[in-house]
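Attaching a single structure in structure tokens format; questions to follow.
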Amino acid sequence: MDRTESATRGFTLVEILIVVVILGILSAAVVPAFGGVTDDSRQGAFIESLHGMTEACEMYRARTGQYPADTSSGVFPPELAGVIQVSEFENGTPIGGVWDTELSDSGIGAGIGVHFDGTGATRDDAFMLEIDVLMDDGDLAGGSLQKLAADRYYFILEF
């Protein structure tokens with residue numbers, strides 16, 4: 001084997017650099033596309049959790065004729081024991097903040113939702129509007145999912 005034969009078998013430094021640059025460009029294009037996937041999955045998990053919490057409240061109402069009591073944010077309503085796990089309620093929501101129940105307060109009859117009290121991530125109206133579009137009417141001022149205060153978003157069980 002002569003010297004020219006062995007030189008043609010390998011890649012030159014320029015060829016390797018070109019491949020590295022192409023891979024860098026591809027990764028720069030792909031990584032941002034997956035950046036929103038985390039928020040999308042958290043929003044989906046929140047919607048599913050909210051449906052579960054809502055169903056638990058409705059089951060309690062069907063048995064007793066009333067909704068669970070108004071509790072402090074993040075405090076498990078004892079009426080829901082046996083329907084949902086305490087840890088599921090007290091560990092917060094998939095999007096940050098804590099679960100909260102409202103009863104004859106904040107201008108509604110009953111509701112359950114998220115209070116962004118500094119626990120975990122805090123979400124803004126734009127983020128919550130995306131959730132509203134997925135599960136309600138796309139309007140945080142009306143419909144079933146509403147913004148009740150600066151940092152509180154609730155599914156209205158009874159107006």
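The values are calculated or read from the model by the stated rules, or taken from the named source; none is laboratory data. Fair warning: this is a prediction, and the values are worked out from it, not measured in the lab. Please note: Cβ atoms are built from the backbone with ideal geometry, for glycine as well, and neighbour counts cover all protein chains shown.
Quickly run through the stretch 129-159 and pick out the residues that are part of a strand (DSSP E or B) and more than 16 Å from the chain's Cα centre (by Cα).
Matches in the stretch 129-159: LEU148, ALA149, ILE156, LEU157, GLU158.
Right, something else. Could you tell me which of the residues ALA121, ALA69 is hydrophobic (A, V, I, L, M, F, W, C), within 24 Å of ASP39 (Cβ to Cβ) and part of a loop (DSSP other than H, G, I, E, B)?
ALA121
Still on this model: Which of the residues belonging to the stretch 87-97 are surrounded by 20 or more Cβ atoms within 10 Å (Cβ to Cβ) and touching a Lys or Arg at 6+ places or on another chain (Cβ under 8 Å)?
Hits for the stretch 87-97 are ILE95, GLY97.
Matching residues to (1) closer than 26 Å to GLY143 by Cα; (2) modelled with pLDDT of 95 or more; (3) surrounded by 18 or more Cβ atoms within 10 Å (Cβ to Cβ):
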residue	(1), (2), (3)
TYR67	yes, yes, yes
PRO78	no, yes, no
TRP99	yes, yes, yes
SER104	yes, yes, no
ALA110	yes, yes, yes
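Sort out which residues of the stretch 132-159 are among the β-branched types (Val, Ile, Thr) and over 24 Å from SER72 (Cα atoms), and write them in order of number.
Scanning the stretch 132-159 gives a single hit, VAL133.
Check off (1) farther than 25 Å from ILE131 by Cα; (2) in contact with a Ser or Thr (Cβ under 8 Å, 6 or more places away or on another chain); (3) assigned to a helix (DSSP H, G or I); (4) not aromatic (Phe, Trp, Tyr) for ILE22 and give me the number that stays unchecked.
So ILE22 meets the others, but not (2).
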